[in-house]
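Notes follow once the structure below has been shown.
The values are calculated or read from the model by the stated rules, or taken from the named source; none is laboratory data. Predicted model, so just to flag it, every value in this text is computed and none were measured. As a convention, Cβ positions derive from the backbone with ideal geometry for all residues, glycine included, and neighbour counts pool all protein chains shown. Accessible surface is based on the protein model in full, side chains and every heavy atom, while ligands, DNA and RNA are left aside. Shrake-Rupley method; radii C 1.70, N 1.55, O 1.52, S 1.80 Å.
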Amino acid sequence: QVQLVESGGGLVQAGGSLRLSCAASGRTFSNYAVGWFRQAPVKEREFVAAISWSGGSTNYADRVKGRFTISRDNAKNTVYLQMNSLTPEDTAVYYCAAGGSYRSSKPTEYNYWGQGTQVTVSS
């Protein structure tokens, strides 16, 4: 079992930055790929980024490439999402999830989910 807790969300102006953290409990966290997803009101949950168990491989949605960076520190059981050049379109609840492969962009391919953290970008 892996439990995930996101933090770092908040309100930021357009053009600003935030760093989200996903803290995990469970001895096997380092065995899992981890993905970040987001869900805006009345929209489906969408893939943002994912990272392999080792941190050596990453995958990004086209709309965040060049602006967001995913990383992980397995010694701290934590995955990060650095978000730069934020726009109002990035406003959503952000979730981290463990399982699957870093190539996986479908929510159904991840086994464990956090409760989410709200990111709001004002114009």
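Since only 113, 30, 97 are under comparison, the one whose Cα sits farthest along the positive direction of the charge dipole of the chain, derived from C-beta charges on Lys, Arg, Asp and Glu, is 30.
Protection proxy ranking for 113-122, 31-40, using the average of other Cβ atoms within 10 Å per residue and placing the highest first: 31-40, 113-122. Solvent exposure of the chain amounts to 51 Å² per residue of accessible area, where only protein heavy atoms count and the probe is 1.4 Å.
Per atom type, the stretch 1-81 shows carbon and sulfur on 46% of its accessible surface, probed at 1.4 Å.
The dipole here belongs to the chain: it is taken about the Cα centre, uses +1 on the Cβ of Lys and Arg and -1 on the Cβ of Asp and Glu, and is about 180 debye.
Sequentially through the stretch 40-53, phi angles give Karplus couplings (6.51, -1.76, 1.60; θ = phi - 60°) of 8, x, 6, 10, 6, 5, 10, 5, 10, 6, 8, 9, 5, 4 Hz, Gly and Pro residues having no value and appearing as x.
Packing, taken as the mean count of other beta carbons within 10 Å per residue, orders the peptides 74-83, 9-18 from highest to lowest as 74-83, 9-18. Annotation: amide H-H contacts under 5 Å for residue 86 (H modelled 1.01 Å from N, sequence separation of 5 or more, or interchain): 15, 16. The 3J(HN,Hα) values that the Karplus relation (6.51, -1.76, 1.60; θ = phi - 60°) gives for the stretch 84-98 are, in residue order, 10, 6, 5, 10, x, 5, 8, 5, 4, 8, 9, 10, 9, 8, 10 Hz. Gly and Pro appear as x.
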